[in-house]
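Input: a single structure, listed below in structure tokens.
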Amino acid sequence: MTPSDTSGGVFNKASTPMTNIKPVISCKNVWKLFGSSPEKYLAKLPNAHSYDDIRADGYIAGVKDVSVDVHKGEMLVIMGLSGSGKSTLLRCMSRLHDITGGVIEVDGQDIMALPEHELIDLRRNKMGMVFQSFGLLPHRTVLENVAFPLEMRGQGKHDRRERALEVVKLVGLEGREDYFPRELSGGQQQRVGIARSLAIEPDIWFLDEPFSALDPLIRREMQDEFLRLQDLLGKTIIFVTHDFDEALRLADRIAIMKDGAVEQCDTPDKIVLNPATEYVRKFTQEIDTARVVHARTLVKPMPPKAPTGKALRGSATIHELARTIVNDTRKQFPVEDDDGKLIGILDRQEALDILLGSE
């Protein structure tokens with residue numbers, strides 16, 4: 001994959017491309033320039049102009065010619081160092097920023113062409129947002145904070161209370177409905193923020209470094225909770241982080257950004273196995289590949305004479321299968337999906353090279 005090949009496809013639980021499904025969000029050659037008269041500047045900008053060239057001309061490329069699709073039920077994690085453009089891209093996708101050039105479509109609609117009332121309606125009914133700052137109302141209880149967006153929508157008091165109670169329970173805060181934010185821990189406050197964004201039952205969920213202000217233990221706990229919620233709800237999620245370990249743990253696909261551009265967008269397995277650029281390689285060099293790469297990523301087509309014996313789970317990582325791979329001397333292993341269907345074979349030596357390092 002080249003750095004510009006970022007559209008990808010939707011991935012199901014087995015990380016199988018499903019490119020025939022129309023994306024929920026589609027970004028095509030999106031630019032966001034900061035400076036005076038950015039549209040006029042972009043119109044005459046040479047194709048080969050670098051980030052530094054643009055800066056020398058008095059502009060900042062917050063997002064630089066990005067094309068990426070996000071499909072239904074997919075979690076796309078956008079990551080990069082501070083100033084890479086990851087939060088700017090998320091804000092462009094939700095039209096918190098107007099873009100300078102390109103097209104962003106949500107469910108086939110060009111969001112830059114939407115009048116203000118339709119944009120407000122889209123955000124109120126389809127989009128949930130969670131940011132690093134919890135943004136809770138200090139004078140309102142947990143339940144009142146969670147019900148607040150429903151109140152703004154004009155929903156009746158009884159209905160919004162019932163929905164707020166439902167999502168408070170969903171995020172594990174049952175029994176704390178009458179607490180005020182000051183009476184909660186940081187992790188609990190972030191759960192309130194998540195519950196509030198879920199109250200409107202959004203189809204698309206934008207999360208901008210939601211766990212970065214939490215200490216490591218609470219952060220891990222919130223990641224576990226987040227994965228549980230995603231397994232239950234199947235939202236379409238754009239999640240921003242600067243933490244590569246967090247991205248590897250949460251993502252269906254990762255878009256790694258640098259200087260406003262996407263360096264690579266692919267599954268965690270493929271990014272770790274085949275970094276597209278030197279910049280991406282530096283992110284991956286300290287990663288234990290065996291803990292990231294799944295058996296299904298390494299499968300080859302089933303030969304006419306298939307190997308016999310117990311099959312390996314395609315959804316298991318090479319690390320999880322280490323004992324079998326080391327102790328079982330078969331040269332090839334059959335691999336099955338979670339439904340027990342054979343999907344191909346795994347070469348033992350290739351797995352050992354990932355587990356122990358190649359000679």
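For segment 141-188, a residue qualifies if it is surrounded by fewer than 15 Cβ atoms within 10 Å (Cβ to Cβ) and among the basic types (Lys, Arg), and the qualifying residues are Arg153, Lys157, Lys169, Arg182. Within the set Asp69, Asp57, the sole residue that is touching a strand residue (DSSP E or B) at 6+ places or on another chain (Cβ under 9 Å) and of a type in the set (Asp, Glu) turns out to be Asp69.
For segment 105-128, how many residues are polar (S, T, N, Q) and farther than 22 Å from Met152 by Cβ? Going through segment 105-128 one residue at a time, the tally reaches 1. Checked against the criterion of being touching a Lys or Arg at 6+ places or on another chain (Cβ under 6 Å) and either surrounded by 18 or more Cβ atoms within 10 Å (Cβ to Cβ) or at pLDDT 95 or above (or both), the candidates Val77, Val10, Val63, Val68 yield just one match: Val63. All of (1) of a type in the set (D, E, K, R); (2) surrounded by fewer than 17 Cβ atoms within 10 Å (Cβ to Cβ); (3) under 16 Å from Phe131 (Cα atoms) hold for Glu221 with one exception: (3). Just so you know, in segment 199-218 the residues that are in contact with a Gly (Cβ under 6 Å, 6 or more places away or on another chain) and closer than 19 Å to Gly172 by Cβ include one that is surrounded by the most Cβ atoms within 10 Å (Cβ to Cβ), and it is Trp205. Restricting segment 260-306 to residues that are among the charged types (D, E, K, R) and assigned to a strand (DSSP E or B) leaves a set whose member that is surrounded by the fewest Cβ atoms within 10 Å (Cβ to Cβ) is Lys300.
Just one of the listed residues (Gly128, Gly83, Gly102) is assigned by TED's automatic domain parsing to the domain that holds Ala43, outside any helix (DSSP H, G or I) and surrounded by 20 or more Cβ atoms within 10 Å (Cβ to Cβ), and it is Gly128. If you check Asp337, Asp328, Asp347 for being under 26 Å from the mean Cα position of the chain (by Cα) and among the charged types (D, E, K, R), only one passes: Asp337.
Looking at segment 244-256, can you tell me whether even one residue there is in a loop (DSSP other than H, G, I, E, B) and under 20 Å from Val66 (Cα atoms)? There is at least one residue in segment 244-256 that is in a loop (DSSP other than H, G, I, E, B) and under 20 Å from Val66 (Cα atoms).
Selection over segment 170-185 of residues that are modelled with pLDDT of 90 or more and outside any loop (DSSP other than H, G, I, E, B) gives a count of 3.
Within segment 48-66, residues that are of a type in the set (A, V, I, L, M) sit with their Cβ atoms under 8 Å from residues that are part of a helix (DSSP H, G or I), at 6+ positions apart or across chains, in these pairs: Ile60/Ile54; Ala61/Tyr51; Ala61/Ile54; Ala61/Arg55; Val63/Thr88; Val63/Leu89; Val63/Cys92; Val66/Leu89.
The values are calculated or read from the model by the stated rules, or taken from the named source; none is laboratory data. Note that the coordinates shown come from a computational prediction; the quantities given were computed from them, not determined experimentally. All Cβ positions, glycine included, derive from the backbone under ideal geometry; neighbour counts span all protein chains shown.
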